[in-house]
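The values are calculated or read from the model by the stated rules, or taken from the named source; none is laboratory data. Treat the numbers as computed from the prediction; the structure is a model and nothing was measured. We place every Cβ from the backbone using ideal geometry, glycine too, and count neighbours over all the protein chains shown. What goes into the accessible areas is simple: the full protein's heavy atoms, side chains included, and nothing from ligands, DNA or RNA. Shrake-Rupley method; radii C 1.70, N 1.55, O 1.52, S 1.80 Å.
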Amino acid sequence: MRSDLLALTPESIAALANLGLVKRATREIEQGKGPRLEEEQDGTVVGTFDDAVSRLLPGKMLRDCPCTCGAM
């Protein structure tokens, strides 16, 4: 399990994106519209949304991880 990701807070994520995106994501998760998650053998966490895919790579900062959403 990726303890580095478990340590993230809404505030630390907002520092990379913006508070509006974090609030929208929180609402979507509360409504059951969160991403499908899977962890690959190398520790990469892949979040698949209806319109995007995010890959959270081990050893990389969030801002350096690829995402197809275009929001950041």
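Quote to one decimal, in nm, the extra length available between Asp64 and Thr44 on full extension: 0.36 nm per residue of separation minus the C-alpha distance between them.
Result: 5.9 nm gained on full extension.
Quick one: with all protein chains in place, what share of the accessible area of the chain is carbon or sulfur, to the nearest percent (1.4 Å probe)?
55
Treating only the Cα positions of the range 5-72 as identical point scatterers, give the base-10 log of I(q)/I(0) from the Debye formula at each q in 0.17 Å⁻¹.
So the normalised log intensities are -0.64.
Report Leu6's accessible area, 1.4 Å probe, all protein chains in place, as a number in Å² to the nearest 10.
120
If I take every Cα pair under 8 Å that is 6 or more residues apart in the chain, average their sequence separation and divide by the length, what percent do I get for the relative contact order?
Relative contact order here is 20 percent.
Roughly how many Å² is the accessible area per residue of the chain, as a whole number, for a 1.4 Å probe?
76
Can you give the calculated 222 nm mean residue ellipticity of the chain, where each DSSP H run of n ≥ 4 adds -39,500 (n - 2.57) and the sum is split over every residue, rounded to the nearest 500 deg cm²/dmol?
So the calculated ellipticity at 222 nm is -8500 deg cm²/dmol.
Would you please give the FRET efficiency between Thr26 and Leu57, computed as 1/(1 + (r/R0)^6) with r the Cβ-Cβ distance and R0 = 25 Å, to the nearest 0.05?
0.60
Run through the range 22-56 and list the trypsin sites (Lys or Arg not before Pro) located in a DSSP loop whose Cβ has at most 11 other Cβ atoms within 10 Å.
Answer by residue number: Lys33.
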